[in-house]
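Engineer: Sharing a structure below in structure tokens format, with a few things to ask.
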Protein chains: 2
Amino acid sequence: MSELMTGAELEERLRELGARRYHSLHPFHRMLHGGECSKGQVQAWALNRYYYQAMIPLKDASLIGRCEDPALRREWRKRLDDQDGDDSRPGGLERWLRLTDGLGLDREAVTSTRLLLPATRFAVQAYVHFVRERSLLEAVASCLTELFSPQIITERMSGMLAHYDYITPDILLYFDKRPPQAERDANFALEWVKREARTPEQQQAVIDTLAFKCDVLWCMLDALHHAYVTPGLIPPGAFVPEAADG
Amino acid sequence: MSELMTGAELEERLRELGARRYHSLHPFHRMLHGGECSKGQVQAWALNRYYYQAMIPLKDASLIGRCEDPALRREWRKRLDDQDGDDSRPGGLERWLRLTDGLGLDREAVTSTRLLLPATRFAVQAYVHFVRERSLLEAVASCLTELFSPQIITERMSGMLAHYDYITPDILLYFDKRPPQAERDANFALEWVKREARTPEQQQAVIDTLAFKCDVLWCMLDALHHAYVTPGLIPPGAFVPEAADG
């Protein structure tokens with residue numbers, strides 16, 4: 001087993017792993033940001049990604065539900081506030097539905113999740129189960145992909161606005177809010193795991209967790225790519241774009 | 001909600017669903033049986049399918065572990081006997097390893113599961129979680145894909161023996177035993193769900209369960225197809241066939 005790392009060394013290992021395995025490197029993301037997707041492909045992405053958005057509060061509440069430290073519970077509750085909103089303010093999930101509305105998707109078809117790719121469902125559920133079943137350290141560490149999300153979101157907003165005429169700022173509200181939230185949350189979680197991972201085995205568990213989470217995100221794009229790009233083999237029962245999309 | 005069906009009508013619906021969605025219809029299976037796979041593709045299939053084999057006893061034990069009927073527990077225990085074997089007789093899992101050995105895969109690399117496609121892991125875990133978390137009726141119904149497996153296994157054995165010179169009868173021992181076991185198990189489960197699904201809602205749950213299970217198997221082949229056939233995009237960390245395979 002390796003030696004105990006300093007917090008800075010652990011952070012460097014995590015950032016290096018993200019640089020190799022974060023889903024910003026996936027060809028589907030490059031297509032999406034670069035204006036190479038058909039409208040049907042953008043719809044398929046938004047419809048499948050909705051399920052990830054919808055399960056995030058369950059994942060976060062499950063973490064809070066097994067956490068004995070009130071300070072950590074309070075900090076983590078901000079994520080529920082952000083994603084579920086309140087009476088006066090729509091949350092991230094509601095803002096995601098403005099995107100799917102704006103893309104012309106039927107809201108019931110989206111929220112019922114009946115048109116999902118099965119691989120989307122299985123990957124997202126793997127994430128939820130991971131947070132429920134693994135150690136609290138691993139549950140916290142599983143959000144660390146947020147370290148890399150502000151950059152991808154910024155690229156996505158500018159790329160999508162530039163390339164698709166049906167994408168307007170009002171349907172991209174979700175992405176407006178996310179970078180500062182993700183930065184706050186990721187920095188908190190990073191400092192927490194640097195402090196709480198006190199053995200080489202625990203530090204390795206943090207690194208393995210980030211690899212697992214990168215796999216979840218990568219798997220979701222693989223499934224979109226296989227179904228809607230190459231070879232374009234849509235699994236039985238999943239969303240089928242209209243033939244005449246733009 | 002629809003009317004209560006007779007047992008025979010429910011069976012017809014299940015068989016009709018299998019005829020449309022069982023993974024025997026997936027292009028990867030047609031390649032595998034038809035002799036169009038490279039050795040690396042056959043290895044990737046066997047290595048990934050190992051994880052399914054390895055989790056089957058956990059799935060079955062979880063079902064027994066929530067079943068209050070001793071007769072059903074006894075019947076279901078045959079599956080543990082078959083897959084795990086005993087001191088005098090190797091089980092299905094051990095026989096699967098003769099296949100991966102025979103294909104030249106390192107046994108530790110296979111059993112560690114570190115080279116799996118993430119989608120394989122997520123799909124198989126979805127199956128295990130389904131059996132642990134859904135009703136006992138749904139847990140039992142989730143094995144009903146076995147209704148269709150004797151035929152696919154027979155096609156697979158004859159196709160693989162005919163087309164690949166490195167496939168010999170002694171490494172296909174697994175498939176020798178499976179058809180009569182699967183037939184016995186599937187017939188038992190079919191009669192059980194026909195008897196125990198007493199409302200239209202329960203009958204629909206049985207049908208939905210078979211669709212879910214078909215999705216699990218289909219998703220595993222989609223992932224193999226995307227990584228190793230078209231477009232051949234292997235996810236970071238997964239098995240990479242040797243370049244010079246046959």
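Please treat every number below as a calculation from the coordinates, not as lab data. None of these values were measured; they are calculated from a predicted model. Note: ideal-geometry Cβ built from the backbone for every residue, glycine included; neighbour counts use all protein chains shown.
Engineer: What percent does the relative contact order of chain B come to when contacts are Cα pairs within less than 8 Å and at least six residues apart?
Structural biologist: Details: 292 pairs, mean separation 85.0, N = 246.
In percent, rounded to a whole number, it is 35.
Engineer: May I ask you to list the GluC sites (Glu not before Pro) in region A:173-246 that are in a DSSP loop and have at most 13 other Cβ atoms within 10 Å of their Cβ?
Structural biologist: A:E242
Engineer: Summarise the partner chain shielding of B:224-231 as one whole number: the mean count of Cβ atoms from other chains within 10 Å of each residue's Cβ.
Structural biologist: Working: counts 0, 3, 11, 2, 0, 2, 5, 6.
Counting Cβ atoms of other protein chains within 10 Å of each residue's Cβ and averaging gives 4.
Engineer: Work from the charge dipole of region A:154-246 (Cβ charges, +1 for Lys and Arg, -1 for Asp and Glu, about the Cα centre) and give the residue of A:F239, A:Q181, A:W218 farthest towards its positive end.
Structural biologist: Of the candidates, A:Q181 comes out farthest on the positive side.
Engineer: Then there's this: What whole number of Å gives the distance from the Cα centroid of region A:1-31 to the Cα centroid of region A:95-151?
Structural biologist: What the calculation gives is 21 Å, centre to centre.
Engineer: May I pose another question? Taking θ = phi - 60°, what integer Hz values does the Karplus form 6.51 cos²θ - 1.76 cosθ + 1.60 yield along region A:156-161, in sequence order, with x for Gly and Pro?
Structural biologist: 5, 4, 5, x, 6, 5
Engineer: Between A:R132 and B:D165, what's the calculated FRET efficiency when r is the beta-carbon distance and R0 is 60 Å? Round to 0.05.
Structural biologist: Result of the calculation: an efficiency of 0.80.
Engineer: Once the label point is placed 7 Å from Cα along Cβ, list for A:D165 the distances to the corresponding points in the other copies, in nm, shortest first.
Structural biologist: 6.0
Engineer: Now for a separate question. With point charges of +1 on the Cβ of Lys and Arg and -1 on the Cβ of Asp and Glu, referenced to the Cα centre of chain B, which listed residue (B:I167, B:Q53, B:M31) lies farthest in the positive direction of the dipole?
Structural biologist: Checked the options; the winner is B:Q53.
Engineer: Still on this structure, I have one more. What order do you get for A:D176, B:D87, B:D82 when you list them from fewest to most C-beta neighbours inside 10 Å?
Structural biologist: By the 10 Å Cβ count, ascending, the order reads B:D87, A:D176, B:D82.
Engineer: Then there's this: Which whole-angstrom value gives the distance between the alpha carbon centres of region B:162-199 and region A:186-211?
Structural biologist: If we compute the Cα centre of each part, the gap is 44 Å.
Engineer: To one decimal in nm, how far is B:Q204 from the same spot in the other copies, if labels go 7 Å from Cα toward Cβ? Please give the shortest first.
Structural biologist: 4.9
Engineer: Then there is this: I'd like the FRET efficiency for B:A19 and A:C67, computed as 1/(1 + (r/R0)^6) with the beta carbon distance as r and R0 of 51 Å, rounded to 0.05.
Structural biologist: Numbers: r = 48 Å, r/R0 = 0.95.
Rounded to the nearest 0.05, the efficiency is 0.60.
Engineer: Name the longest site-free stretch of chain A, where the excluded sites are trypsin sites (Lys or Arg not before Pro) in a DSSP loop with no more than 11 other beta-carbon atoms within 10 Å.
Structural biologist: Here the longest run is A:1-113.
Engineer: Please rank A:D86, A:D215, fewest neighbouring Cβ atoms within 10 Å first, as an exposure proxy.
Structural biologist: Starting with the residue having the fewest Cβ neighbours, the order is A:D86, A:D215.
Engineer: Can you list the HN-Hα couplings for region B:216-223, worked out from phi with the Karplus curve (6.51, -1.76, 1.60; θ = phi - 60°), rounded to whole Hz and with x for Gly and Pro?
Structural biologist: In residue order, the calculated couplings are 4, 5, 5, 4, 5, 6, 4, 5 Hz.
Engineer: Taking θ as phi - 60°, what are the ³J(HN,Hα) couplings along region B:139-151 by the Karplus curve (6.51, -1.76, 1.60), each to the nearest whole Hz, with x for Gly and Pro?
Structural biologist: 3J(HN,Hα) across region B:139-151, in whole Hz: 4, 5, 5, 5, 8, 5, 4, 4, 4, 9, 6, x, 5.
Engineer: Hey, got the average number of other protein chain Cβ atoms within 10 angstrom for residues in B:124-137?
Structural biologist: The shielding value for this peptide is 2.
Engineer: How charged is the neighbourhood of B:A211? Take every other residue with its Cβ under 15 Å from the Cβ of B:A211, and add Lys/Arg as +1 and Asp/Glu as -1.
Structural biologist: For residues surrounding B:A211, the net value is +4.
Engineer: So how strong a dipole does region A:13-228 carry about its Cα centre when Lys and Arg Cβ are +1 and Asp and Glu Cβ are -1, to the nearest 20 debye?
Structural biologist: Details: 30 positive and 30 negative charges, 64 e Å.
Roughly 300 debye for region A:13-228.
Engineer: Something else: Using the Cβ atoms and a cut-off under 12 Å, what net charge is assigned to the surroundings of B:E11, where Lys and Arg are +1 and Asp and Glu are -1? Please report the intermediate quantities before stating the final value.
Structural biologist: On the way: positive: B:R13, B:R15, B:K194, B:R195; negative: B:E9, B:E12, B:E16, B:E191.
Spelling it out: positives minus negatives among the neighbours equals 0.
Engineer: Net charge around A:Q125, counting only other residues with Cβ within less than 13 Å of its Cβ (Lys, Arg = +1; Asp, Glu = -1)?
Structural biologist: With Lys, Arg at +1 and Asp, Glu at -1, the net is +3.
Engineer: Here is a follow-up. Inside 10 Å of the C-beta atoms of B:16-23, what's the mean count of C-beta atoms belonging to other chains?
Structural biologist: The shielding value for this peptide is 1.
Engineer: Then there is this: Taking only pairs that are 8 or more places apart or on different chains, how many Lys pairs in the protein assembly as shown have Cα atoms under 15 angstrom apart? Can you show the working numbers first?
Structural biologist: On the way: A:K59/A:K78; A:K59/A:K213; A:K78/A:K177; B:K59/B:K78; B:K59/B:K213; B:K78/B:K177.
For the protein assembly as shown, qualifying lysine pairs total 6.
Engineer: Oh, and also: Under unit Cβ charges (Lys, Arg +1; Asp, Glu -1), what dipole magnitude, rounded to 20 debye, does the protein assembly as shown have relative to its Cα centre?
Structural biologist: Value, rounded to 20: 200 debye.
Engineer: What is region A:13-228 by shape, rounded, prolate or oblate, if you read a ≥ b ≥ c off the alpha carbon gyration tensor as root eigenvalues and call it rounded for a/c under 1.5, prolate for a/b larger than b/c, and oblate otherwise? Each step should come with its number before you reach the end.
Structural biologist: Details: a/c = 1.74, a/b = 1.47, b/c = 1.19.
Verdict is prolate for region A:13-228.
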